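A.B. asks: Let me give you the structure first, and then I'll get to my questions.
The values are calculated or read from the model by the stated rules, or taken from the named source; none is laboratory data. As the structure is a computational prediction, the values presented were derived from the model and not from experiment. Cβ placement follows ideal geometry from the backbone for every residue including glycine, while neighbour counts extend to all protein chains displayed.
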Amino acid sequence: MAYRVIQWGTGAVGIETLAATLHDRPDLELVGVRVYSEGKNGMDAGELLGGAPVGVAATTDTEAILTLDADCVVYTPRITSLDDVCAILASGKNVVTTAFLFHPRRLPQADRDRLLAACTEGGTTVHGSGLNPGNLSGALPLVLSGMSRTIDKITLQERADWSDYDSTSITFDNMSFGQPVEDINVDATEFLAFNNELFTEQVWLLADALGADIDEVTSSVDAVAARADHQIFDHVLRAGTTAGQRWNWVGVRAGEPLVEIETLWTVGNEYPDHWPRPKHGWTLTIEGDPSMQTHFFSLASFTREATMAEHVRAANVATAMQVLNAVPEVCEAAPGFATLATLPLIRSHTGFRRG
Ligand SMILES: NC(=O)c1ccc[n+]([C@@H]2O[C@H](COP(=O)([O-])OP(=O)(O)OC[C@H]3O[C@@H](n4cnc5c(N)ncnc54)[C@H](OP(=O)(O)O)[C@@H]3O)[C@@H](O)[C@H]2O)c1
C-alpha cells in the first residue's frame, strides 16, 4: 500500500519533491498540496509542474489540508510555523521537512514539549533534513566516523555564492543580503535568529551522536560589504551593502572547539580576502585518528554540458530527495523525533530505476 503524501509548499525544493512523488515513486500517493500564492490556489498539482492534471488541487486553506487523511506531509515553505507543524502532527500525519526541526531535542524546552505533545497525540514522527543542514552536516560525518578510532574535531565548511540561487526571497528577505552590514548579527532579525538556531541544532546533533559532551554552541557572523552593484535576478544588490556572510557555529567543551560548521556565503561573487578559501561546495574535515577530509559538490552532470540553472537545480534536487527518500522510514519510526542519527541510513528509493 502506498504512503499518502501531502506536499506543503511548492517552491524550488517543494516542486522537486512534488515531481518525484508524482513521477518517480509508485510507493507514494499524492493526496493534497498546500500553497501560499493566490495564483496557485485551486491549480491542479500536475499543472503546477507544467504537465497534465492529476486530480489533486492545490489550496491555500490550511484547515482543508489538515482534515485530509494522509501518512506524511512534506513540509517545505520558506517561512516555518511551529503551530502548523504541531497541528499536522496532532492530526495523525508524520512530517518530513527541509526547513527546520533538524534536532528538536535541542529546541527551547517549551517548543520541544509542544512538538512532543503533538507527536504523542497523533502517534506521529517529525524529521528535518536536507543537504545542509541535513545529509552533509549529519549523515556524512556520522558515516565517516565509522572509520574513526578517536575524533578531536569535526569541521564542515560550506562555500557558496548565491547569485544564481533563484529563491531570491530567501536571499534578500530572509537572509538580509543587501542590508547594511552593521545590521547583520546572529539574532538581528527573526529569520537570522532562526537560521542561527538551525545550525546550532545541527552542531548539537553531531555532538550528541558522537558523545562530544559539549557545554555550549557559540555562534558568530562576519558581514562583508559589496564593492560594486550586482544585478541578482530582479534585485540590485548595492555597493556598500551586505554581500558576504561568514557564519561560525562551534560546539565547545571546556573551552575546546570540537564540532564546527562554517558557512562562507556570498552574493555577487566578490570573495573577501580575509576569509578561508576552501573549494566551492562542502568540505568536511575530521581531525583525529585517522584524520580524514572529503569534498562534496553537486552538479546537474559531471559529463554533459549543462546550464547554470540546471546546476543550481541539482542542489534543490539533493535537498528535496534527502527528505522524500526518508518518508517510509519516518512513517515507520516510533512517534517523536527522528534525526539522521536515529533513522536507518536513508538511501535512494528510485535508485537505478530497475526492480
Ligand atoms: N536543509 C537544506 O539543506 C535546505 C536547502 C535549501 C532550502 N532549504 C529550506 O527549504 C525550504 C524551501 O526552500 P526553497 O528553496 O524551496 O524556497 P523558495 O523557492 O523560496 O520557496 C518558497 C516557498 O515558500 C512558500 N511561501 C510563500 N510565501 C510564504 C509565506 N508567507 N509563509 C510561508 N511560506 C511561504 C511558497 O509558496 P508557494 O507554494 O505558494 O509557492 C513556496 O512554497 C526553505 O525553508 C529553505 O530554507 C533547506
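A.B. asks: When you look at residue 210, is it touching a Ser or Thr at 6+ places or on another chain (Cβ under 7 Å), surrounded by fewer than 21 Cβ atoms within 10 Å (Cβ to Cβ) and over 19 Å from residue 162 (Cβ atoms), yes or no?
C.D. replies: Values: touching a Ser or Thr at 6+ places or on another chain (Cβ under 7 Å): yes; surrounded by fewer than 21 Cβ atoms within 10 Å (Cβ to Cβ): yes; over 19 Å from residue 162 (Cβ atoms): yes.
So residue 210 passes the test.
A.B. asks: Moving on to the next point. Report yes if residue 257 is in a strand (DSSP E or B) and not assigned by the TED database to the domain that holds residue 14, otherwise no.
C.D. replies: Criteria met by residue 257.
A.B. asks: May I pose another question? Considering only residues that are assigned to a loop (DSSP other than H, G, I, E, B) and within 19 Å of residue 267 (Cβ to Cβ), which ones fall in the stretch 188-240?
C.D. replies: Step one: list which residues in the stretch 188-240 are assigned to a loop (DSSP other than H, G, I, E, B), which gives 188-189, 210-215, 226-229, 233-234, 238-240.
Those that are assigned to a loop (DSSP other than H, G, I, E, B) and within 19 Å of residue 267 (Cβ to Cβ): 188, 189, 226, 227, 228, 229, 233, 234, 238, 239, 240.
A.B. asks: List every residue pair whose Cβ atoms sit under 6 Å apart, with the two residues 6 or more apart in sequence or on different chains, where the first one lies in the stretch 144-167 and is within 15 Å of residue 294 (Cβ to Cβ) and the second, anywhere, is assigned to a strand (DSSP E or B) and within 15 Å of the ligand (Cβ to nearest atom).
C.D. replies: Partner pairs satisfying both residue conditions: 156/261; 156/284; 158/263; 158/282.
A.B. asks: Do you know which residues across the stretch 148-168 are assigned to a helix (DSSP H, G or I) and more than 15 Å from the ligand (Cβ to nearest atom)? Show your work before the answer.
C.D. replies: Of all residues in the stretch 148-168, those assigned to a helix (DSSP H, G or I) come to 168.
Once the filter is applied, which keeps residues that are assigned to a helix (DSSP H, G or I) and more than 15 Å from the ligand (Cβ to nearest atom), the stretch 148-168 yields nothing.
A.B. asks: From the list 334, 300, 314, 306, which one is at pLDDT 95 or above and loosely packed, with under 12 Cβ neighbours inside 10 Å? Outline the logic, then answer.
C.D. replies: On the way: 300 fails: loosely packed, with under 12 Cβ neighbours inside 10 Å; 314 fails: loosely packed, with under 12 Cβ neighbours inside 10 Å; 306 fails: loosely packed, with under 12 Cβ neighbours inside 10 Å.
Within the list 334, 300, 314, 306, the selection yields 334.
A.B. asks: Among residues belonging to the stretch 46-83 that are more than 30 Å from residue 195 (Cα to Cα), of a type in the set (Gly, Ala, Ser) and surrounded by 13 or more Cβ atoms within 10 Å (Cβ to Cβ), point out the one that is farthest from the ligand (Cβ to nearest atom).
C.D. replies: Applying the filter and picking the extreme gives 51.
A.B. asks: Restricting to the stretch 115-141, name every residue that is in a helix (DSSP H, G or I) and surrounded by 18 or more Cβ atoms within 10 Å (Cβ to Cβ). It would help to see each step written out before you state the result.
C.D. replies: Let us first name the residues in the stretch 115-141 that are in a helix (DSSP H, G or I), namely 115-122, 135-137, 139-141.
Matches in the stretch 115-141: 115, 116, 118, 119, 122, 135, 136, 137, 139, 140, 141.
A.B. asks: For the stretch 84-126: of the residues being more than 26 Å from residue 11 (Cβ to Cβ) and touching a Phe, Trp or Tyr at 6+ places or on another chain (Cβ under 7 Å), which is farthest from the ligand (Cβ to nearest atom)?
C.D. replies: If we take residues in the stretch 84-126 being more than 26 Å from residue 11 (Cβ to Cβ) and touching a Phe, Trp or Tyr at 6+ places or on another chain (Cβ under 7 Å), then 105 is farthest from the ligand (Cβ to nearest atom).
A.B. asks: Could you tell me whether any residue of the stretch 31-38 is within 13 Å of residue 324 (Cβ to Cβ) and more than 14 Å from the ligand (Cβ to nearest atom)? Give the derivation first.
C.D. replies: First pass over the stretch 31-38, keeping only residues within 13 Å of residue 324 (Cβ to Cβ): none.
Looking through the stretch 31-38, none of the residues is within 13 Å of residue 324 (Cβ to Cβ) and more than 14 Å from the ligand (Cβ to nearest atom).
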